[in-house]
Amino acid sequence: MELNIIIPTFNEKNNIGLLLEKIFKLSNNIKIIIVDDSPDQDIKEIIRQYKNVHYIHRDKKSGRGSAVIVGMNYALKNFSCRYLIEMDADLSHEPNEIISNLNYFLNEDIDLLISSRYLMKSKIINWPLQRKLLSFFANNLAKNILKVPITDYTNGFRIYSNKAAKHVTTNCGKVGDGFIILSEILVQLYYNNFNVKEIESTFVNRTRGESSVTFKEIFKSLVGLYKIYKLKNKLKR
């Protein structure tokens, strides 16, 4: 099975090798794009042993969301792909879910499939209570404001159809550069009548390295959420 995967990274040299080992056990036909905002390029040395890993280094931390859009643009220009997979580098997303998720995505003719942490059969493992509460309230705030019938607005383990990825690269990235782009993408696709669904997932808190989420990014996300609310109202007209 063909797998085209975008992985945004920031200081993930302790995790990227193990993640790639797990991914390359899934298929013989894999292309991976790593968009790296780390100040050094240690990851570049780690990935030299792997074929079909494309490395993009940016000179400053420009945000996870914008990194995904950069990866999408690269894939659409250089690959012939029916779909693109997005996932984090910190091992919080389980690579073994990719094949079953992709089968569901293809069978149901979906444009955006979100691996949700908040469906009945989903699990969150080893997440501190503070992060659980922050994520829970952020997602409920987004759901109440943006009115998309999805439980998880901010998990970055997703599959996009080719046409959805083209729409994203053309229209998204205008409300911020961090995690808020995930919600912007969801609103853009849902209110433009793309087929959006979600699926159960197991989310495991990182065991190595530190989260790149900061209070500054949370504040920027709140500002971005207001901008997305205005976008939603414009798209609904």
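So which strands (runs of 3 or more DSSP E) are wholly in the stretch 133-213 and hold at least 1 residues that are buried (at least 22 other Cβ atoms within 10 Å of the Cβ) and of a type in the set (Lys, Arg)?
Result: 158-161.
What about residue 13, is it farther than 21 Å from residue 171 by Cα and over 18 Å from the mean Cα position of the chain (by Cα)?
Judged against the criteria, residue 13 is a match.
Among 5, 30, 56, 16, which is the only one that is within 15 Å of residue 157 (Cα to Cα), at pLDDT 90 or above and not polar (S, T, N, Q)?
After applying the criteria, what remains is 5.
All but one of (1) hydroxyl-bearing (Ser, Thr, Tyr); (2) in contact with a His (Cβ under 8 Å, 6 or more places away or on another chain); (3) under 20 Å from residue 180 (Cα atoms) hold for residue 74; state the number of the condition that does not hold.
Of (1) hydroxyl-bearing (Ser, Thr, Tyr); (2) in contact with a His (Cβ under 8 Å, 6 or more places away or on another chain); (3) under 20 Å from residue 180 (Cα atoms), only one is false for residue 74: (3).
Can you tell me how many residues within the stretch 62-97 are of a type in the set (Val, Ile, Thr) and touching a Leu at 6+ places or on another chain (Cβ under 6 Å)?
The total comes to 0.
Could you give every pair whose Cβ atoms fall below 9 Å, whose first residue belongs to the stretch 131-145 and is more than 12 Å from residue 118 (Cα to Cα), and whose second residue is among the small types (Gly, Ala, Ser) and in a helix (DSSP H, G or I), counting only separations of at least 6 or pairs across chains?
138/221; 142/183
The values are calculated or read from the model by the stated rules, or taken from the named source; none is laboratory data. Given the structure is predicted, the values throughout are model-derived calculations rather than measurements. Here the Cβ is made from the backbone with ideal geometry for all residues, glycine too, and neighbour counts use every protein chain on show.
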